[in-house]
Amino acid sequence: MGWIADFFRLAWGFLYWNTRKTAYRAHLTGGRCPCQHPSDSGRAWETACSAVGSWNNPARFRRLCPLLQRTEGGAWRCSVDRADVRPFWGRAAVFYGSATALLYLLAALAAFLFLRSVGYGVTYPGVLWPPAWKKHSAVRSEFFLEKFRAASGAGDTQSALMALSTAYGLDPRNYAAGRQLAGLWQVNQPGLSDQIYQRLLHDHPDQAEITAQTWFRALLARGDFAGVETLAAARITADPASSPAWVNALLFANARTGNAAVCAELARNPALPSSARFLLALHNDLKTAAPGEIRPRLIAAAAAAPDAASFYHVCRQLIARGLAQDAFTWIDRRSRLLGPRDLIPLRLDALAAAGWRTTLRTEVEGLLMAAPSPSLIELLSAHLIRHPDDDIRNAVFTRLERDPPPDTPASYSAYLSLFCAAGVARDKPRMHWTAAHIKATLHEDFRSLDIIGEALLDNNRHRRVENFLPALQPLPLEVSYALLDHYAPAP
């Protein structure tokens, strides 16, 4: 055990004896040599070293001071004169540096083994190298993401949410985790969901448009029209190129909030594209127009609409204000301006609003000749929500019951849309039929779907549709707009 005691004497001696020798060389000790025996001559090879008196093996002291040498007779003597005694700070630096490096390597190894035993996917170089420590938050985040996936797979929603929240808190740069967390919070914690979406917009400007669209759908499903209005106005200003869809969202929400200042202020922005200025001016004009001025103003707008989005909105206004025949006339005149996803619902709604039921049925049957695509089913469902009609609904469902879309994720939104259309019409058998396909697509028991179905069947037109819209996602925007128009029409 003597070497252990000598090791600790060495560790302390590097500092102690080098400090005393430094003071001796600087003449701070009155000329007295700190380590040579004071009763000896002080000459080389004649003077003993008093520093090794307590060491078990004087040879070990030579690591600290190589001036100690062994004579031919076996005695240990200082190899220099008293005046030449000096410190060896370089040896001290090597010793302390090596000891520090060894302790650091061992500590890093212990930390690595501990983190790996917990489950963190770290590497030993990553633990060892301090500049790599900034990546540890991402590694820990991935660990909690794995816990989130495991909890989700086990159906433990609460644990999954906590794990995902921790993962995003550790690594806010993880856009996918933040967006998923915001989506999961939107039902139970809408305030937290909005905060996360706001942070995603700020931290990930390259993903701003897709973030805003996802947030918009969440706000719309909750019936937060003030939130939709604020977000849409911000996006129109931030990205004028994508303004048509955002202008439509803004006007839809503004019709329910009645906040005239938002549209008036936005219309003064010189950076807005012409279509946005056109629609905002029309919106503001219609608010103050006398009843007799509305039809001429809308007909003039239908003729002057600069693009498809503007023309689509004008036609919607004509239909909503009881001018369906005028709308149909202008739809025929400028049909080349519209794509199928805009043209089909406008024609169907205009025909239904005008009361041309025979022509409407013929047009619907023509659309159903070929196997209906999911997008066509969504458009037909939105139409049936806006204009419930037993004959049209029976025609659509009879065709789909004969050749139903496959129970795959591609058909999920279409089946949700059909479920809502059947619910608005209180068609219980068709609701059960679509509910069965929805559950088959999800491969799970969608219990809240049955509760929503019962709520729809009670025919309460004053029901708050936003109470169940968040659970019916992803619904197409056309269907969400139609449901809100049906259950929460603008004043």
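Read-outs: derived from the displayed coordinates by stated rules, not from any lab. Computed from a prediction, not measured in an experiment: that's the story for all the values here. Heads up, the Cβs are rebuilt from the backbone with ideal geometry, glycines too, and the neighbour counts pull from every protein chain shown.
Key figures
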item: Length released on extending from Gln158 to Ala226, taking residue separation times 0.36 nm less the Cα-Cα span; result: 21.5 nm
item: Gap separating the Cα centres of the stretch 253-331 and the stretch 343-412, nearest whole Å; result: 27 Å
item: Where labels lie 7 Å past Cα in the beta-carbon direction, separation of Arg361 and Asn56 in nm; result: 10.8 nm
item: Extension gain from Ala44 to Phe114, taking 0.36 nm per residue of separation minus the Cα-Cα distance; result: 19.7 nm
item: Nearest-ten-degree value, helix 274-288 long axis tilted from longest Cα axis of the chain; result: 60 degrees
item: Cα gyration tensor shape for the stretch 141-269, rounded if a/c is under 1.5, else prolate or oblate; result: prolate
item: FRET efficiency estimate (nearest 0.05) - Cβ-Cβ, Leu102 to Arg447, R0 60 angstrom; result: 0.50
item: Residue-span extension gain [Thr329 to Ser242] - 0.36 nm each, minus C-alpha spacing; result: 28.5 nm
item: Label corresponding to P(r) over Cα pairs in 20 Å bins from 0, in percent when calculated from the structure given, among (i) 23, 47, 19, 8, 2, 0; (ii) 18, 34, 17, 11, 13, 7, 0; (iii) 16, 39, 26, 13, 5, 0; result: (ii)
item: His432, His204 arranged by Cβ crowding within 10 Å, fewest neighbours leading; result: His432, His204
item: Gyration tensor verdict on the stretch 365-491 (Cα atoms; rounded if a/c is under 1.5, prolate if a/b is larger than b/c, oblate otherwise); result: oblate
item: In sequence order, calculated HN-Hα J values of the stretch 399-405 (Karplus, 6.51, -1.76, 1.60; Hz; x Gly/Pro); result: 5, 6, 5, 6, 9, x, x
item: FRET efficiency for Ala5 and Trp129, using Cβ-Cβ distance with R0 set to 41 Å, rounded to 0.05; result: 0.70
item: Residues Thr47, Thr123, Thr166 arranged by fewest to most Cβ contacts within 10 Å; result: Thr123, Thr166, Thr47
item: Prolate/oblate/rounded label for the stretch 182-237 (Cα gyration tensor, a/c 1.5); result: oblate
